[in-house]
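These notes concern the structure reproduced below.
The values are calculated or read from the model by the stated rules, or taken from the named source; none is laboratory data. It should be emphasised that the depicted structure is a prediction, and the values quoted were computed from it without experimental measurement. Here the Cβ positions follow ideal geometry from the backbone for every residue, glycine too, while neighbour counts run over all protein chains shown.
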Amino acid sequence: MRIHKAWVVAFATFLTLIAAAAFRSTTSVLYMPIEMEFHWSRVVTSGAVGLNILVYGLTAPFAAVFMNRFGAKRVATVALGLIASGTALTTVMTQSWQLYLDWGILVGVGTGCLALVFGSQVANAWFVKHRGLVTGIFSAGYATGQLLFLPFITIVANNQGWRPATYIVTAFCIVLIPIFLLGFKNAPVPPDGPYGGTAADIAPKPPVTIRANFAAMRGALRVPAFWALATTFFVCGWTTNGLIGAHFIPAAHDHGMPTTLAADLLAVVGIFDFIGTIASGWLTDRFNSAYLLVFYYGLRGLALFTVPFVLGPDVQPPMLFFIVFYGLDWIATVPPTVELCRRYFGIRNSSLVYGWVFASHMIGAAIAAAFAGWIRQFQGDYFIAWITAAVLCLAAAGYSLSMRKAPAPGQIS
């Protein structure tokens, strides 16, 4: 039986998204050993992570343009090299500004080029049937990277130091480059078409200029749904990458939990995230995406309210509630958000518009990473950070209702 080329491309894309997640899921493990060695404060290290997240998010809209102009294969290959080099250079740093350069700029640009905008573009180009499901699988790449790397890197960091742990991420990115080059193609070529479609369904390439990208943003600003998508995704970034992704392990350690156990719990979050995000893609193909967002943000808010009360030196049943329900919801918001971009702005512009929506996601994450670090430094704990995030989620759930009457596909472009 012949395997459609779309699935080979999807597999190569999935591996590449794992590489980006490999770095993103390990920074919280490296906070404390780096702080201890260089005598830096949590404000310094969380600031570097915040810069990384900000650059990551601001790169994403322009990555969509670069991929359309130069090809996703070239851009993603360069991005893997930036992640590898930026990660490796931290092992020889001596000053805090070098951490900001390596983590913040080099890795930030690299991971930004491999953000979920990349996955959205591949799904648009290569799939007609199961597009929502494939978007969910790509979103789950983050969970897979977290699941595969986090426990192992934590053990290595604790037993051999943070530098050998850093080399693991570097080596994975380098090894992946030739695999990606062999398996990935930018788009279907006639007479073949995307999976579940024909050559007539090959997605048209949007304009490839920076001016066109800003034009797409200006057009989107006139659509109320864009503000709803950008604001709710801002909250998504705040409550995932910025707070849990960056600060869960240090926060658990504050409550007496060993870092290895905290990392294991975060990896278990990744297991349920993998399940929840793929299930969300399946649900997105079948139900109103706005109602899915209401449910996801509401569930996440309730889970976050419990965190200050369930953290402790060991794992009790209430902690399992958080791990399971938060894990199922970690990136489940991505498939319905991508689908709403398609429905409001059409296939032609959806990748560009989603790039700006995703930038909002990462701006929220960057602010949260710095905010939580500041709260921890000056208040002594993360309580205010947890409650703030929970309230923001409930507000996002309410705002998502404004998109319940989304237009038919292609009505707005």
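Tell me, please, whether a residue that is outside any helix (DSSP H, G or I), more than 25 Å from ARG42 (Cα to Cα) and in contact (Cβ under 8 Å) with a residue 60 or more places away in the chain can be found in the range 283-294.
yes
Looking only at the range 330-341, which residues are modelled with pLDDT under 85 and not in a loop (DSSP other than H, G, I, E, B)?
none
One line per residue, one yes/no per condition, for (1) out of contact with any Gly (no Cβ under 7 Å at 6 or more places or on another chain); (2) over 25 Å from SER402 (Cα atoms):
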site: GLN316; (1), (2): yes, yes
site: LEU320; (1), (2): yes, yes
site: PRO335; (1), (2): no, no
site: CYS341; (1), (2): yes, no
site: LEU352; (1), (2): yes, no
site: GLY364; (1), (2): no, no
site: ARG376; (1), (2): yes, yes
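Name every residue in the range 55-81 that is surrounded by fewer than 22 Cβ atoms within 10 Å (Cβ to Cβ) and within 30 Å of PHE371 (Cβ to Cβ), in order of residue number.
Once the filter is applied, which keeps residues that are surrounded by fewer than 22 Cβ atoms within 10 Å (Cβ to Cβ) and within 30 Å of PHE371 (Cβ to Cβ), the range 55-81 yields LEU58, PHE62.
Working only within the range 219-238, note down all residues that are touching a Gly at 6+ places or on another chain (Cβ under 8 Å) and either under 15 Å from ALA303 (Cα atoms) or not in a helix (DSSP H, G or I) (or both).
VAL235, CYS236, TRP238
Got a sec? Which of ALA332, ALA396, ALA369, ALA359 is small (Gly, Ala, Ser), under 30 Å from LEU221 (Cα atoms), touching a Pro at 6+ places or on another chain (Cβ under 7 Å) and surrounded by 21 or more Cβ atoms within 10 Å (Cβ to Cβ)?
The unique qualifying residue is ALA359.
Pairs please, first residue from the range 350-375 and over 14 Å from THR231 (Cβ atoms), second anywhere and not polar (S, T, N, Q) and not in a helix (DSSP H, G or I), Cβ atoms under 7 Å, 6+ apart in sequence or on different chains.
SER351/PRO206; LEU352/PRO206; ALA372/TYR382; ILE375/TYR382
Filter the range 312-324 down to the residues that are in contact (Cβ under 8 Å) with a residue 40 or more places away in the chain and assigned to a helix (DSSP H, G or I), then identify the one that is farthest from ALA63 (Cα to Cα).
For the range 312-324, the residue satisfying everything is MET319.
Could you check the range 85-95 and list, in sequence order, the residues that are of a type in the set (Ser, Thr, Tyr), in a helix (DSSP H, G or I) and either surrounded by fewer than 16 Cβ atoms within 10 Å (Cβ to Cβ) or without any contact (Cβ under 8 Å) to a residue 12 or more places away in the chain (or both)?
THR91
Any chance you could count how many residues in the range 227-267 are in contact with a Cys (Cβ under 7 Å, 6 or more places away or on another chain) and either under 22 Å from PRO151 (Cα atoms) or surrounded by fewer than 23 Cβ atoms within 10 Å (Cβ to Cβ) (or both)?
Residues meeting the conditions: 1.
Here is a list of conditions, (1) over 12 Å from the mean Cα position of the chain (by Cα); (2) part of a helix (DSSP H, G or I), and GLY119 meets all of them except one; can you say which number that is?
For GLY119, the exception is condition (1).
Sort out which residues of the range 239-272 are among the β-branched types (Val, Ile, Thr) and under 16 Å from TYR296 (Cβ atoms), and write them in order of number.
Within the range 239-272, THR239, THR240, ILE244, VAL269 qualify.
Take the range 96-149 and flag every residue that is of a type in the set (Ser, Thr, Tyr) and either surrounded by 23 or more Cβ atoms within 10 Å (Cβ to Cβ) or modelled with pLDDT under 90 (or both).
Selection gives THR111, SER120, THR135, SER139, TYR142, THR144.
Of all residues in the range 1-33, how many are assigned to a loop (DSSP other than H, G, I, E, B) and either among the basic types (Lys, Arg) or over 14 Å from the mean Cα position of the chain (by Cα) (or both)?
4
Have a look at PHE321, PHE305, PHE287, PHE325 and point out the one that is surrounded by fewer than 23 Cβ atoms within 10 Å (Cβ to Cβ), within 28 Å of ILE387 (Cα to Cα) and at pLDDT 85 or above.
So the residue among PHE321, PHE305, PHE287, PHE325 that is surrounded by fewer than 23 Cβ atoms within 10 Å (Cβ to Cβ), within 28 Å of ILE387 (Cα to Cα) and at pLDDT 85 or above is PHE305.
Does LEU394 count as at pLDDT 95 or above, within 24 Å of the chain's Cα centre (by Cα) and part of a helix (DSSP H, G or I)?
Judged against the criteria, LEU394 is a match.
Any chance you could count how many residues in the range 308-359 are out of contact with any helix residue (DSSP H, G or I) (no Cβ under 8 Å at 6 or more places or on another chain) and among the hydrophobic types (A, V, I, L, M, F, W, C)?
1
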